[in-house]
Structure formats: C-alpha cells, structure tokens
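The values are calculated or read from the model by the stated rules, or taken from the named source; none is laboratory data. Just so we're clear, the structure is a prediction, and the values are computed from it rather than from any experiment. Cβ sites come from the backbone with ideal geometry, for glycine too, and all protein chains shown count toward neighbours.
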Amino acid sequence: MNLQLAFKEAIVAALISAVLFIPIVGFVLDSRSLVFQLARVGVIVLLVFLGRLAIAIYRQQEGGRKLGLALKPLSEEGTRWLGRMTQKQGQVTLAVVAVMLIIPAMPFSSNYLIQILTLTLIYVILAMGLNIVVGLAGLLDLGFVAFYAVGAYGYAMLAQYLDVSFWWALPITAALAALAGCVLGFPVLRMHGDYLAIVTLGFGEIIRILLINMVEFTGGPNGIGAPRPTLFGLVFSNDKKELADGGVFFHEFLGIPFSPAYRYIFIYVIALLLAVLAVYVFKRLREMPIGRAWEALREDEVACKALGINHTTTKLSAFTLGASFGGVGGVLYAAMEGFINPSSFIFIESAIILAIVVLGGMGSILGVIIAAVAITLLPELFREFDKFRMLFFGLAMVLVMVWRPSGLLKVNRRSFLQVVKGDQP
C-alpha cells in the first residue's frame, strides 16, 4: 500500500476544495461587512481531505478491486437497459403522456405542481429546439434564450397592440423566432467552436438589452402583461374583464363550481400536446435527409461539403427550425405567467437548456426528456435543498460526464444492412 500517493491525492483534493469553497461559503455578510468564516471552510476542507484519503486507501486494497469487479456487471446491465429504452422511445413516450394526462386528477395534485409540470414541458420544447442546433447540427449556441424571449414578447405585444389571440400567436411567433434564427445564422456561417459560441451569446444579450430599452413597446424593465388563452370563447377564470370581447366562463358553460385549477390544467394540457408535437417533429426531422445532413455537418464539415451538401442552407435550416421551437416555448411561458419582463430571459436560461441537451444525449429524445425532468422538476419538489441547488446541479453534470460522456442516452444510427432488414440498432 502506497500511503504517500494516498496522502498526495488527499492534499490535492483538499486544496481544490479550499479554492472552490472559500469564495462560496467562506465569506458571510454581517452588519454590512464581509466576515471570513475560517472554521466553516476548515471543516469542509478537512472532510474532503479525510474522505479522499479513505477512498484512495480503499482503492489500493483488495476490497476496492473486488468492489470494482462487482459493480462492473451492474454498469453493463445499466448500459443495456438504457439501450433497450432507446429502442422503445415510442412506447415509453406514450406511457409518459398517459401518466401525465391523469396527474391533474390525482389526490396529490395541486396548482403549484401543475405549474411546475407545465414549466418542465416548456423546457422539453426548448430543449428539442436546441437539440436540432447543438445535438444534430453540432453548432454551439449559447444564446438560445433570445428566441425564447422573441416568442414570449411576440405574443404579449401582438395581443396588446394587434389583439391577436393565443392560437394565432403560436404560428406567428414561431415564424418570428425562425426569422430571428435565420438572421443570426447569416453572420456565423463561417464560424466554429468558441467563436460561434461567443457570437450567439452576444446575440442573446442584444435581445435582452433591446427589450429593456424599448420601453414604449416592451415596457422596459417593468415588463408587459400577456393575456390568458381561451378555447372557443370559453374563459378559464372568473374575471369579468376577460369577457370584454365576448365569451363565456368555462365553469358557467358546464354548470360546475369555479376553481382556479381549471386555468392551470388548461395551459398544462396545451403544453403537453405541444411538447408531444415537438417530440414528433424532432423525430421526423432527424430521420429525414435534412437530419442526415445536419449530422454530417456535425461530424465533419469538410467531408459534408465534399458530399455535395450545401453547408450554408444546412446551417441556416438548423438555426431557423430550432429557433421556431424556442418561439413556441416563449408563447407558452407568457401565457402561463400572464406577465413577463427581461429578467426572465438571462444567460442562465440558455445554460440550463444546453445542459439538458448535453446531459440527455445530443440528438436523443428520451434522454432529453429525462434530463429536463431531472433539472427542472426535481429541484422544485425538494425545495428544502434549494441552497444547494447549483451544487447538486454541477455534481450531476460531473458524474454524468464521467460515467457517460455521450449523455444519458446515446443515439445509435441504424446501419445500411439494418435499414434493409428492418432491424433496430
């Protein structure tokens, strides 16, 4: 047993933890002054040192090797299970949709839970859009929140100034967001990697700053209101102001008592249907020739050009179609909240959507859905750990990247022989 090596690993881990935790938990604001809590940092560093030392010593023992051999079959079985789930994405998706449809009728259901599930579905739609740009085309986009904002503000402004309904706003704002994606795509046709990421990040900030400064139209930092959606004139509230353009209250039309839950459930069902539609459209696009062209562009742009694929139109189509998903998600968010302001469309939103795509598996459908649920729903259900939310988030990213660098569910393309025989990958 090499104790010197074990102590060296423990000291390095302790130093790294000290660098990370000193600015995070070391300084505390006390009476308008920063106070350095040496004891708090010392305890954390000591725990990291002892834990890493114990792990290093155990790994050098026979028990560590036996544990690794014992866990290997479990890891292989987990990989095979994920592969089987990938092959049965259609059945799994239908089962998930059926379960989500009956959740509002469950005894544990509440308005808060329905609203969080709606937000999760919105993130699924956004992730499907970014999955086209990043997962299929391989174009790193850090400003996807811009299209999210275009959709939300597009609906609010169309409703306020042109009296456009929610249902008409969906295709209109999707087209507006697609146009914004096309405008973004032109300047970045020759850019790759970090340069592309910086430009898209700047585009997202430009949109946010425009929303802040265009006070006459967007309300500036104060935000702007968005009307609630209706269904064939049925209003899902008891506010008589919403009957100004005609219509009937939903509860009066059915002759049932009023409940605020009707509005949340209605938007939730709309989000669920649109999320299913987004998944279906993404699946069809991935299997179409344009999807193959995106993947060819992602793997090798030079080889893509040599095959005769027009890389200009391929990139523009990825940005345009991906942005349209963001526009639809923005409309849903504005309809759910009823009020939006620029602070809802900051860079962290783009980072969360990108993390969903990367963790779920670039190009994957089921993996992205699982990642969206894990990142958006689980932290809201365990609010007592809210202070450690970003810590758990970062830890999960590290573990997934170490365990499965290609994401939770890796997409396996069928070979030519499998296509001819009709076999699954």
Item to check | Pairs with Cβ under 6 Å, 6+ apart, first in the range 285-298 and in the same structural domain as Leu140 (by TED's automatic domain parsing) and modelled with pLDDT under 85, second hydroxyl-bearing (Ser, Thr, Tyr) and assigned to a helix (DSSP H, G or I) | outcome: Leu297/Thr314
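Given the structure, is Asp163 part of a helix (DSSP H, G or I) and among the acidic types (Asp, Glu)? Spell out the reasoning first.
Details: part of a helix (DSSP H, G or I): no; among the acidic types (Asp, Glu): yes.
Judged against the criteria, Asp163 is not a match.
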Checklist entry - For the range 1-39, how many residues are basic (Lys, Arg), at pLDDT below 75 and part of a helix (DSSP H, G or I)? => result 0
Next on the checklist: Considering only residues that are outside any helix (DSSP H, G or I) and surrounded by fewer than 16 Cβ atoms within 10 Å (Cβ to Cβ), which ones fall in the range 172-191?
Outcome noted: Phe186, Pro187, Leu189, Arg190
Item to check | Matching residues in the range 172-189 - criterion: being within 22 Å of the chain's Cα centre (by Cα), over 14 Å from Gly329 (Cβ atoms) and not hydrophobic (A, V, I, L, M, F, W, C) | outcome: Gly185
Checklist entry - Would it be correct to say that Ser343 is in the same structural domain as Ala174 (by TED's automatic domain parsing) and within 19 Å of Leu119 (Cα to Cα)? => result yes
Next on the checklist: Which count do you get for residues in the range 239-257 that are surrounded by fewer than 16 Cβ atoms within 10 Å (Cβ to Cβ) and modelled with pLDDT under 70?
Outcome noted: 13
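Yes/no per residue for (1) buried (at least 16 other Cβ atoms within 10 Å of the Cβ); (2) farther than 29 Å from Ile370 by Cβ:
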residue: Ile270; (1), (2): yes, no
residue: Leu273; (1), (2): no, no
residue: Tyr280; (1), (2): no, no
residue: Lys283; (1), (2): yes, no
residue: Met288; (1), (2): no, no
residue: Trp294; (1), (2): yes, no
residue: Cys304; (1), (2): yes, yes
residue: Gly308; (1), (2): no, yes
residue: Thr313; (1), (2): no, yes
Next on the checklist: Being surrounded by 11 or more Cβ atoms within 10 Å (Cβ to Cβ) and either touching a Leu at 6+ places or on another chain (Cβ under 6 Å) or over 22 Å from Ala334 (Cβ atoms) (or both) is the filter here; which residues of the range 101-115 pass it?
Outcome noted: Leu101, Ile103, Ser109, Ser110
Checklist entry - Hey, among the residues in the range 116-138 that are closer than 13 Å to Ser350 by Cα and not aliphatic (A, V, I, L, M), which one's surrounded by the fewest Cβ atoms within 10 Å (Cβ to Cβ)? => result Tyr123
Item to check | Subset tally (residues that are within 19 Å of Leu297 (Cβ to Cβ), more than 15 Å from the chain's Cα centre (by Cα) and hydrophobic (A, V, I, L, M, F, W, C)) for the range 312-335 | outcome: 4
Next on the checklist: List pairs: first residue in the range 197-215 and farther than 16 Å from Leu140 by Cβ and touching a residue at least 40 places away in the same chain (Cβ under 8 Å), second residue aliphatic (A, V, I, L, M) and surrounded by fewer than 18 Cβ atoms within 10 Å (Cβ to Cβ) anywhere in the structure, Cβ distance under 7 angstrom, at least six positions apart or on different chains.
Outcome noted: Arg208/Ile346
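Quick grid of which residues meet (1) assigned to a helix (DSSP H, G or I); (2) farther than 23 Å from Ile290 by Cβ; (3) acidic (Asp, Glu):
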| position | (1), (2), (3) |
| --- | --- |
| Leu101 | yes, yes, no |
| Ser109 | no, yes, no |
| Leu113 | yes, yes, no |
| Leu121 | yes, yes, no |
| Ala127 | yes, no, no |
| Asn131 | yes, no, no |
| Gly143 | no, no, no |
| Ala152 | yes, yes, no |
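Determine which member of the set Leu184, Leu170, Leu211, Leu189 is in contact with a Ser or Thr (Cβ under 9 Å, 6 or more places away or on another chain), modelled with pLDDT of 85 or more and assigned by TED's automatic domain parsing to the domain that holds Gly143.
Leu211
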Next on the checklist: Can you tell me how many residues within the range 321-351 are at pLDDT below 90 and touching a Gly at 6+ places or on another chain (Cβ under 7 Å)?
Outcome noted: 6
